[in-house]
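So the structure is just underneath, and the comments pick up after that.
The values are calculated or read from the model by the stated rules, or taken from the named source; none is laboratory data. The model shown is predicted, which means the values in this text are computed figures rather than measured ones. Note that each Cβ is placed from the backbone with ideal geometry, even for glycine, and that neighbours are counted across all protein chains shown.
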Amino acid sequence: MISSLVHTAGRSGICGNLPSRDDRTRAYDHVDSGMSAVRCTLPSEVMTMIPTAPPSAATSDLPADAQFWMPKDDELDEESGIGCFEDTRLIHNVPVDEARSVIEREREVVDAIDQLAVTDDDFERLAATAEFGDLDDPANGLSDEEREVLGQWVSDVPANLEGLELGVSGLIHALATVGMVPAASCRSHPEPSWSKSPVVLFAATEAGARALQPLAAEAGCVFAIDEVRPKLLVVRGSTIRNLMTLAELVLSNPHRFV
């Protein structure tokens with residue numbers, strides 16, 4: 001079951017001729033609102049334009065003050081989820097096959113957008129376009145190549161990805177297959193953004209959280225407590241790739257959550 005806070009950043013509407021993919025092998029150190037595009041260790045030595053958050057003081061250990069709270073049935077709201085977040089919905093008891101479909105499609109779309117993007121602003125613009133499906137909106141400033149590539153995905157995104165953001169939707173669905181209750185999420189955006197880094201907030205039993213902890217560490221994720229809603233656990237990644245990897249690990253290790 002899941003509710004996901006979906007935050008829509010302003011559209012940049014970048015137009016004009018874009019540098020070629022080859023040009024992206026140069027050093028790129030632009031920083032925007034605490035997020036930056038960084039060089040990844042890839043065989044092709046091509047830079048990724050997926051934004052990366054600054055280092056966090058949090059660790060992959062479960063917080064010592066975690067409450068391991070789970071909502072009762074009468075505390076679940078199909079339309080608004082848990083935690084009193086705005087613009088959320090509840091996703092409950094997701095079948096494994098459905099979660100796997102979302103995770104696989106999410107990775108395909110993110111990979112395609114990362115190949116197209118030349119700057120981190122491009123990534124935000126293209127991701128928002130894919131999430132909302134508005135390929136013909138002039139404000140998005142799509143090139144013919146961008147429109148052609150995104151058109152392959154936008155018309156065929158699984159229904160349960162609608163209203164959820166790329167990079168967090170897969171983890172939301174994965175957690176819903178192993179008895180946890182996600183409450184909100186954000187892939188992070190240029191300012192204004194609800195979260196400075198990709199994040200999913202969720203409720204879990206102690207057993208479930210302890211089963212998740214080594215997988216989160218393997219994926220490069222960290223835990224925290226939401227100060228406003230201390231009953232909820234928070235899992236963050238430096239980039240959406242961390243959360244996407246964690247989603248895959250959860251589905252690959254269902255025996256840990258029995």
Open item on the list: Residues that are touching a residue at least 40 places away in the same chain (Cβ under 8 Å), of a type outside the set (S, T, N, Q) and surrounded by fewer than 20 Cβ atoms within 10 Å (Cβ to Cβ): list the strands (runs of 3 or more DSSP E) wholly contained in region 173-258 that include at least 1 such residues.
Closed with: 222-225
TODO: Give just the number: which of (1) of a type in the set (G, A, S); (2) closer than 22 Å to A247 by Cβ; (3) surrounded by fewer than 22 Cβ atoms within 10 Å (Cβ to Cβ) does G151 not satisfy?
DONE: (2)
- [ ] For region 134-149, indicate whether the set of residues that are part of a helix (DSSP H, G or I) and among the aliphatic types (A, V, I, L, M) is non-empty.
- [x] yes
Open item on the list: Between a residue in region 141-170 that is on the phi > 0 side of the Ramachandran plot and any residue that is at pLDDT below 90, which pairs come within a Cβ distance under 6 Å, given they are 6 or more apart or on different chains?
Closed with: G141/G13; G141/I14; G141/C15; G163/V6
- [ ] Please enumerate the residues belonging to region 88-120 that are aliphatic (A, V, I, L, M), at pLDDT 90 or above and more than 19 Å from L150 (Cβ to Cβ).
- [x] V94, V96, A99, I103
Task: Selection within region 97-125 - touching a Phe, Trp or Tyr at 6+ places or on another chain (Cβ under 8 Å), part of a helix (DSSP H, G or I) and farther than 18 Å from L164 by Cβ - done: D114
Task: Residue list for region 103-127, filter: under 26 Å from V250 (Cα atoms) and either in contact (Cβ under 8 Å) with a residue 60 or more places away in the chain or surrounded by fewer than 18 Cβ atoms within 10 Å (Cβ to Cβ) (or both) - done: I103, E104, E106, R107, E108, V110, D111, A112, D114, A127
- [ ] May I ask you to verify whether G237 is of a type outside the set (S, T, Y), farther than 15 Å from A184 by Cα and modelled with pLDDT of 95 or more?
- [x] no
